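Each remark here refers to the structure printed beneath this line.
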Amino acid sequence: MKEILEQVMQQLENAYNNPEAVDLDQAISQLQSAKEQYGDKGTMLEDAITALTQAKHSMAQMETAEDAGPSEAFGQAHNALEQAMKSFQ
């Protein structure tokens, strides 16, 4: 599970650095599959999925936004993934 979370974290970081080249749908799908497999940690994974979805939706605003909204969405997703990783250690 930790490997999946690390892959998703890498995809998130790549999407933040290069939003045109990365689609977070695959990362979201990976977490949804993991949630089904690791049901006991489902709430934490659901939080990460929600945060990734918000980051995905903010990607369209990254180039044109003058506010911190997109960065905050990515920060929240990053934090949610970090928390999920800690829970699987």
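The values are calculated or read from the model by the stated rules, or taken from the named source; none is laboratory data. All values reported here derive from a predicted model rather than from experimental measurement. Every residue, glycine as well, gets a Cβ built from its backbone with ideal geometry; the counts of neighbours run over all protein chains shown.
Some values worked out for this structure:
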| quantity | calculated |
| --- | --- |
| Leading residue by the ranking (modelled with the lowest pLDDT) among those in the stretch 27-37 that are in contact with a helix residue (DSSP H, G or I) (Cβ under 7 Å, 6 or more places away or on another chain) and not charged (D, E, K, R) | A34 |
| Matching residues in the stretch 16-45 - criterion: being under 16 Å from E82 (Cβ atoms) and not polar (S, T, N, Q) | Y16, A27, L31, A34, K41, M44, L45 |
| The stretch 1-14 residues that are free of Cβ contacts under 8 Å to residues at least 60 places away in the same chain, paired with ones that are in a helix (DSSP H, G or I) and among the polar types (S, T, N, Q) (beta carbon under 8 Å, 6 or more apart) | I4/Q30; Q7/Q30; Q11/Q26 |
| Pair list, Cβ < 6 Å and 6+ apart or interchain, from the stretch 20-45 residues that are under 17 Å from S58 (Cβ atoms) to residues that are of a type in the set (S, T, N, Q) | V22/N14; A27/Q11 |
